[in-house]
Amino acid sequence: MRIMAIDYGDARTGVALSDPTGLLAGQTFLIKSRKAPVVLEELAALARKQGAEELVMGYPRNMDGTLGPRAEKYAAFAKELEAATGLPVVLWDERRTTVDAHRILGEQGIRAKQRKDKVDAVAAALILEGYLDWKRIQAQRQEKEEPTP
């Protein structure tokens, strides 16, 4: 099952795709647009082209776990994305992904000015990795709970 993760942003939207098995994060993409309809159209086209079967989108919670105006905006965009693609969109807590993406790029020696075109794609990959790990844990728990015939 191919899963597509989205780090939706005001100026750039990072996208990460899993491998066809849905186990590993693979390719990343960057959509450069401030216009939500353009981003929506490009995401829908990318999902179709890449054969995505499920979408996971970063959901910006406040550090205390509460939801603010950005979370409402993202939830509304997720509904539009579901309608445009016909695919379910899972909202995934992205509280530290951008900070972690900057740290990762900094550790690789990429200077701050050079990071802006990379950070959103790295953040999308972190969202995808977190979601894939969670799905793997859920599957393992279910296996343990099922009685052996």
By how many degrees, between 0 and 90 and to the nearest 10, does the Cα long axis of helix 69-85 differ from the longest principal axis of the chain?
70
Amide H to amide H, which residues 5 or more places from Glu94 or on other chains are under 5 Å from it, using H placed in the peptide plane?
Tyr59, Arg61
Once the mean of 1/r over all distinct C-alpha pairs in the stretch 82-139 is inverted, the Kirkwood radius in Å reads 12.9
Principal-axis tilt of helix 97-107 within the chain, Cα atoms, nearest 10 degrees
70
Given trypsin sites (Lys or Arg not before Pro), DSSP loops and at most 16 other Cβ atoms within 10 Å, the longest exposed-site-free stretch of the chain is 36-94
Might you work out the accessible area of Glu143 for me, using a 1.4 Å probe with all protein chains in place, and round it to the nearest 10 Å²?
140
Could you go through the stretch 31-44 in sequence order and give the Karplus-derived ³J(HN,Hα) for each residue, using 6.51 cos²θ - 1.76 cosθ + 1.60 with θ = phi - 60°, rounded to whole Hz, and x for Gly and Pro?
10, 9, 6, 9, 9, 3, x, 5, 4, 4, 5, 5, 5, 4
Using only Cα atoms, tell me the angle between helix 119-145 and the longest principal axis of the chain; keep it within 0 to 90° and round to the nearest 10.
10
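The values are calculated or read from the model by the stated rules, or taken from the named source; none is laboratory data. Since this is a predicted model, take the numbers as computed values, not measurements. Counting neighbours? That spans all protein chains shown, and the Cβs are built from the backbone with ideal geometry, glycine included. Note: accessible area is taken over every heavy atom of the protein model, side chains too, but ligands, DNA and RNA are not part of it. Shrake-Rupley method; radii C 1.70, N 1.55, O 1.52, S 1.80 Å.
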